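Notes to accompany the following structure.
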Amino acid sequence: ACSSKYVLSQMHPMWQGPLAVPGGDRQSPIDIIVRKSVFDSALKPLVTDYDPETCQQIWNNGYSFLVEYDDTTDKSTLKGGPLQDQFRLCQFHFHWGESNAWGSEHTVDRRLFPAELHLVHWNSDKYSLFEEAVIEDNGLAVIGVFLKVGKRHEGLQKLVDALPAIRHKDSVVEFNKFDPACLLPTNTDNYWTYHGSLTTPPLTEAVTWIVMKQHIEVSHDQLAVFRSLLFTSAEEEVQKSMVNNFRVQQPLCGRTVRSSFT
Ligand SMILES: COCCCN1C=C(N)c2cc(S(N)(=O)=O)sc2S1(=O)=O
Ligand SMILES: [Zn+2]
């Protein structure tokens, strides 16, 4: 799988998020200014082909919770969109706030959402391991989906029901047959795309970001279960709620955000 425990376990619940990498001019997240995005008719529809059988485990890494997929074969893939190559799904995770007023990492015309889903993929045409791809330009492709509070998300519930078992940092439980496609919005043709970075250490500038225009809806109660997770491990005397695990927005540094729609 892709998320290396060592790197992630260095994460602190710094709501400010770690400082940008020195000289980093392709950092994420950013504010997407809609009127400044440039329509690119060459952008294709996204093609996702996820096999629920590749779902392996769900764990609390002390910063978010990750659902990890077996990425040793090309069974769960992403291609199309702005991508030239085929990418393998390795994990998905979320970022959220302590209240519904904020929590997302990207914003659209400064609009914050209560949470944001990230589906992380690496370029399996060019690299043979996630660890290789994570340090290369365009080695990774992350799909971002905004969450809004509304009706209950039936597909998410299976995941929400597993969270109490991973309340503490470094807890892991087996998690199978989860199809991440159920978390995508009905329309995946409309998205913004730009070159950026991981939003948590190692903050490498290896990511082609694909941010969906259409959000998904989850219920208030489902989000409340996210907030019942803890940053801290079972041994620590002071327990800290896992909330506000988002990074602050980074300068655009002259980058262009392209849109697949007018
Ligand atoms: C050598 O392994 C490096 C660590 C790998 N990862 C760590 C992150 N912090 C991370 C953050 C991600 S995000 N928030 O930018 O999608 S994706 C991702 S990740 O690709 O799963
Ligand atoms: Zn993320």
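All of (1) of a type in the set (Ser, Thr, Tyr); (2) farther than 18 Å from Val145 by Cα; (3) open to solvent by 20 Å² or more (accessible area, probe 1.4 Å) hold for Thr48 with one exception: (2). Within the stretch 240-262, the set of residues being more than 16 Å from ligand 2 (Cβ to nearest atom), among the charged types (D, E, K, R) and out of contact with any Phe, Trp or Tyr (no Cβ under 6 Å at 6 or more places or on another chain) comprises Arg258 only.
Restricting the first member to the stretch 129-148 and to residues that are β-branched (Val, Ile, Thr), and the second to residues that are assigned to a helix (DSSP H, G or I), the beta-carbon pairs closer than 9 Å and six or more apart or on different chains are Val145/Leu183.
Against the numbered list (1) within 14 Å of Ser64 (Cβ to Cβ); (2) open to solvent by 10 Å² or more (accessible area, probe 1.4 Å); (3) more than 16 Å from ligand 2 (Cβ to nearest atom), Ile166 comes up short only at (2).
For the stretch 81-94, check the following and say yes or no: at least one residue is touching a helix residue (DSSP H, G or I) at 6+ places or on another chain (Cβ under 7 Å) and away from ligand 2 (no atom under 16 Å from the Cβ). So far as the stretch 81-94 goes, no, none of its residues is touching a helix residue (DSSP H, G or I) at 6+ places or on another chain (Cβ under 7 Å) and away from ligand 2 (no atom under 16 Å from the Cβ). When we screen Glu205, Glu217 for residues that are part of a strand (DSSP E or B), in contact with a Gly (Cβ under 9 Å, 6 or more places away or on another chain) and open to solvent by 20 Å² or more (accessible area, probe 1.4 Å), the only hit is Glu217. Within the stretch 133-156, the set of residues being open to solvent by 10 Å² or more (accessible area, probe 1.4 Å) and more than 19 Å from Pro82 (Cα to Cα) comprises Ile135, Lys148, Val149, Gly150, Lys151, Arg152, His153, Glu154, Gly155.
The values are calculated or read from the model by the stated rules, or taken from the named source; none is laboratory data. This structure is a prediction, so every number in the text was calculated from the model and none was measured. As a convention, Cβ positions derive from the backbone with ideal geometry for all residues, glycine included, and neighbour counts pool all protein chains shown. Surface areas here come from the heavy atoms of the whole protein model, side chains and all, with no ligands, DNA or RNA. Shrake-Rupley method; radii C 1.70, N 1.55, O 1.52, S 1.80 Å.
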